[in-house]
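Encoded as structure tokens, the structure appears first; notes follow it.
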Amino acid sequence: MLCLAENKKIIMVGIPGVGKSTLLSKVVEIIKTHDKTVNVISFGTLMFDVAKENGLKDRDELRKLPVSEQQNLQKLAAEKIAAYTEQIIIIDTHTFINSSEGYYPGLPEHVLKIIKPTNFVSVSAKPEEIYNRRMADTTRNRDKITITNIKKELDAQSGILSACTVLTGSPVKLILNREGEIDKAAEKIVKAMGL
Ligand code: ATP
Ligand code: MG
């Protein structure tokens, strides 16, 4: 039977500071050695690009917009993603966003239906390590940081992700991003892509 290689659309989730962007730069280096075309998209940056056209100035102001406005921006960003044609498309995003109305989903059903992901990768790390990574990163304007809140966020991530995999029927690979072991975690992610 002829088996055509299928394009992969991988959604990578993890709470802020867990190390998604750092891991993804390693993952891209590895994928390029496999002679595949790859595009990494930060869902937040794409939403911010759309929001900037409407006057928003600070990326960290995005999650403070009314939820209805954020939902509309999510839809516009998802439509842009659906149009990409690389062999491997990786979307760097969150299962939920901390808004004034509570956690709201980064990947609601209407967004998943537009993107049609083939795989999920869920990144986590020890709460203490996430805490330290957030505290050390002065480039971001983050919400109040406590270990208790980080544990709550990790719980919310796992619950919301279950819904995403059931809605799409796509598998999820759980990755623990251990301190100082970025390379190992990156290799596991690439393996999960079937490369
Ligand atoms: P956000 O959702 O806010 O974009 P993120 O998940 O992309 O966050 P990064 O910006 O990649 O997180 O990482 C946060 C910080 O943690 C960075 O300073 C990065 O260098 C550091 N870091 C990430 N992974 C590791 C690791 N395995 N060991 C040590 N430091 C790490
Ligand atoms: Mg990031």
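No value in this document is a laboratory result; all are computed from the given coordinates. Every value quoted in this text rests on a predicted model; they were computed, and no experiment measured them. Virtual Cβ from ideal backbone geometry, glycine too; neighbours counted across all protein chains shown.
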Qualifying residue in the range 104-112 (condition: in contact with a helix residue (DSSP H, G or I) (Cβ under 7 Å, 6 or more places away or on another chain), more than 14 Å from ILE15 (Cα to Cα), part of a helix (DSSP H, G or I) and within 16 Å of ligand 2 (Cβ to nearest atom)): no
The range 30-44 - residue that is surrounded by 13 or more Cβ atoms within 10 Å (Cβ to Cβ) and assigned to a helix (DSSP H, G or I) and, of those, nearest to ligand 1 (Cβ to nearest atom): GLY44
Per-region count, the range 115-148, residues within 16 Å of the chain's Cα centre (by Cα) and either within 11 Å of ligand 1 (Cβ to nearest atom) or β-branched (Val, Ile, Thr) (or both): 7
ILE97 being among the β-branched types (Val, Ile, Thr), part of a strand (DSSP E or B) and surrounded by 17 or more Cβ atoms within 10 Å (Cβ to Cβ): yes
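Just need a number here: residues in the range 30-42 that are in contact (Cβ under 8 Å) with a residue 24 or more places away in the chain and either under 14 Å from ALA186 (Cβ atoms) or more than 10 Å from ligand 2 (Cβ to nearest atom) (or both).
Here the count works out to 9.
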Answer from ALA51, ALA77 - the residue that is surrounded by 15 or more Cβ atoms within 10 Å (Cβ to Cβ), over 21 Å from PRO171 (Cβ atoms) and either in contact (Cβ under 8 Å) with a residue 40 or more places away in the chain or within 16 Å of the chain's Cα centre (by Cα) (or both): ALA77
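Across the range 45-61, which residue is farthest from ligand 1 (Cβ to nearest atom) among those that are of a type in the set (Lys, Arg) and part of a helix (DSSP H, G or I)?
LYS52
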Condition met for LYS26 (under 27 Å from ILE189 (Cα atoms), among the charged types (D, E, K, R) and within 16 Å of ligand 1 (Cβ to nearest atom)): yes
Search result, residues across the range 82-94 that are away from ligand 1 (no atom under 16 Å from the Cβ) and closer than 22 Å to GLU29 by Cβ: TYR84, THR85, GLU86, GLN87, ILE88, ILE89
Sole exception among (1) among the small types (Gly, Ala, Ser); (2) in a helix (DSSP H, G or I); (3) away from ligand 1 (no atom under 16 Å from the Cβ); (4) under 27 Å from THR139 (Cβ atoms) for ALA77, by number: (3)
Residue match in the range 6-16 (condition: buried (at least 16 other Cβ atoms within 10 Å of the Cβ), within 12 Å of ligand 2 (Cβ to nearest atom), in contact (Cβ under 8 Å) with a residue 12 or more places away in the chain and in a helix (DSSP H, G or I)): no
Residue ID - farthest from ligand 2 (Cβ to nearest atom), chosen from residues in the range 146-183 that are assigned to a loop (DSSP other than H, G, I, E, B) and surrounded by 15 or more Cβ atoms within 10 Å (Cβ to Cβ): SER170
